[in-house]
Amino acid sequence: MLKRLLNKLRGAQPKKESQLDMLKKRGLKVGSNFFMAPGCVLDPSHCWHISIGDNVALGPQVYILAHDSIMHRFIGYGNVANVKIGNDVTIGTRAIILPGVTIGNRVMIGAGAVVAHDIPNNSIAAGNPAKVVGLFNNYLEKHKDRLNKRPTFDESYLMENGVTQSQKDEMLNACEKHGSIYLK
């Protein structure tokens with residue numbers, strides 16, 4: 001309390017707790033090397049029902065839901081179920097993970113997918129409802145092969161590192177010529 005008062009007198013603002021820290025305090029389980037892009041929603045009212053493994057990345061505006069209250073008005077109860085996400089998982093922009101879903105290890109979920117059923121290990125799933133459309137290992141090998149045939153760009157080409165207009169033009173031209181590029 002004294003520290004807070006001294007900071008207030010000095011004009012310092014207390015450090016605001018991050019969304020992720022708040023969810024962890026409530027019981028969200030998250031492994032190491034976790035990345036969550038802006039706008040994600042990890043069911044704040046039932047986050048202790050969500051378990052996320054190591055090396056997981058969530059794209060912008062991903063929703064992970066552990067409860068469904070749609071039936072509450074009809075039967076007086078909502079449905080709550082655990083959500084488990086394995087290791088080495090990437091979930092694309094605006095994907096929705098519904099209650100009770102288990103996503104295995106080494107899985108990619110496509111942007112905009114609605115995951116209503118379990119997704120097995122070593123899978124790529126996409127669509128609404130999400131279905132397995134490929135194997136993680138095959139997709140990885142395809143991109144490793146392409147990496148040797150397409151232009152690559154280092155970290156200096158990222159917005160946060162001050163990419164210049166000429167670097168942007170260089171990337172645009174390379175995409176036009178090769179279809180896609182790889183960025184570190």
Among the residues of region 24-41, is any assigned to a loop (DSSP other than H, G, I, E, B), over 18 Å from ARG94 (Cα atoms), among the charged types (D, E, K, R) and at pLDDT 95 or above?
-> no
Would you mention how many residues in region 101-147 are assigned to a helix (DSSP H, G or I), basic (Lys, Arg) and surrounded by 15 or more Cβ atoms within 10 Å (Cβ to Cβ)?
-> 0
In region 148-182, what count of residues is obtained for those that are surrounded by 13 or more Cβ atoms within 10 Å (Cβ to Cβ) and outside any helix (DSSP H, G or I)?
-> 7
Name, by its number, the condition in (1) modelled with pLDDT of 95 or more; (2) within 26 Å of SER32 (Cβ to Cβ) that does not hold for LYS131.
-> (2)
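Which of the residues spanning region 173-184 are over 26 Å from the mean Cα position of the chain (by Cα) and of a type outside the set (Lys, Arg)?
ASN173, ALA174, GLU176, HIS178
The values are calculated or read from the model by the stated rules, or taken from the named source; none is laboratory data. The shown structure was predicted, so the numbers you read here are calculated from the model rather than taken from an experiment. When we count neighbours, we look across all protein chains shown, and the Cβ atoms used for this are built from the backbone with ideal geometry, even at glycine.
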